[in-house]
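For reference, the structure is listed below as structure tokens.
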Amino acid sequence: MARKHCGSQSRWRVSMTVLHQKSGSMASLRRFRFDVKTLAESGGLPDYLMAFDVERDVVTIYAIGPKGRRAEACDIQTGRPHATLTAHKRVVARKPKRQL
């Protein structure tokens, strides 16, 4: 779903209720929210970083790459939640090392 909606954009911001409906999850909204928050904190979504905004009940999905980094930097400057350090470390660990 992240690939479909974020696509070539730098980020995709969606409310938890809409994400819950679009995903077709059979879990309760409360459980779904918990699972998405856990996924966002762990950085387990390949090719994307996630930030969960508890106050607004919104998830922001950032593309990995220069566009996504700029979008996340803008969100940091405006005071929005951003991806966790753990998620960033996991993305770096997944990247293949360049051969010289």
Original post:
With every protein chain in place, what's the accessible area of Ser8 (1.4 Å probe, Å², nearest 10)?
Top reply: 100 Å²
**OP:** Quick one: which residues, 5 or more positions from Met50 or on another chain, have an amide H under 5 Å from its amide H? H modelled 1.01 Å from N in the peptide plane, none for Pro or chain starts.
**Re:** Tyr62
Original post:
Once you put a point 7 Å from the Cα of Lys37 and another 7 Å from the Cα of Thr78, both along the Cβ direction, what distance in nm separates them?
Top reply: 2.3 nm
**OP:** With unit charges on the beta carbon (Lys/Arg positive, Asp/Glu negative), name the residue among Ser15, Val54, Ala93 whose Cα is farthest towards the positive pole of the charge dipole of the chain.
**Re:** Ala93
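Taking Cα pairs under 8 Å and at least six residues apart, what relative contact order does the chain come out at, in percent?
Working: 126 pairs, mean separation 30.2, N = 100.
Relative contact order comes out at 30 percent.
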Original post:
Mind checking the dipole of the chain: about its Cα centre, +1 per Lys or Arg Cβ, -1 per Asp or Glu Cβ, Debye to the nearest 20?
Top reply: 400 debye
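Find, among the GluC sites (Glu not before Pro) in the stretch 20-100, those assigned to loop by DSSP (not H, G, I, E, B) with at most 12 other beta-carbon atoms within 10 angstrom. Walk me through the numbers on the way to the answer.
Numbers: sites: Glu41, Glu55, Glu72; in loops: Glu55.
Answer by residue number: Glu55.
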Original post:
How big is the chain on each of its three principal axes, counting only the C-alpha atoms and giving the largest first in Å?
Top reply: 49, 29, 24
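The values are calculated or read from the model by the stated rules, or taken from the named source; none is laboratory data. Note that the structure is a prediction, hence the values are computed from the model and not measured. Heads up, the Cβs are rebuilt from the backbone with ideal geometry, glycines too, and the neighbour counts pull from every protein chain shown. Calculation scope for accessible area: heavy atoms of the full protein, side chains included, ligands and nucleic acids excluded. Shrake-Rupley method; radii C 1.70, N 1.55, O 1.52, S 1.80 Å.
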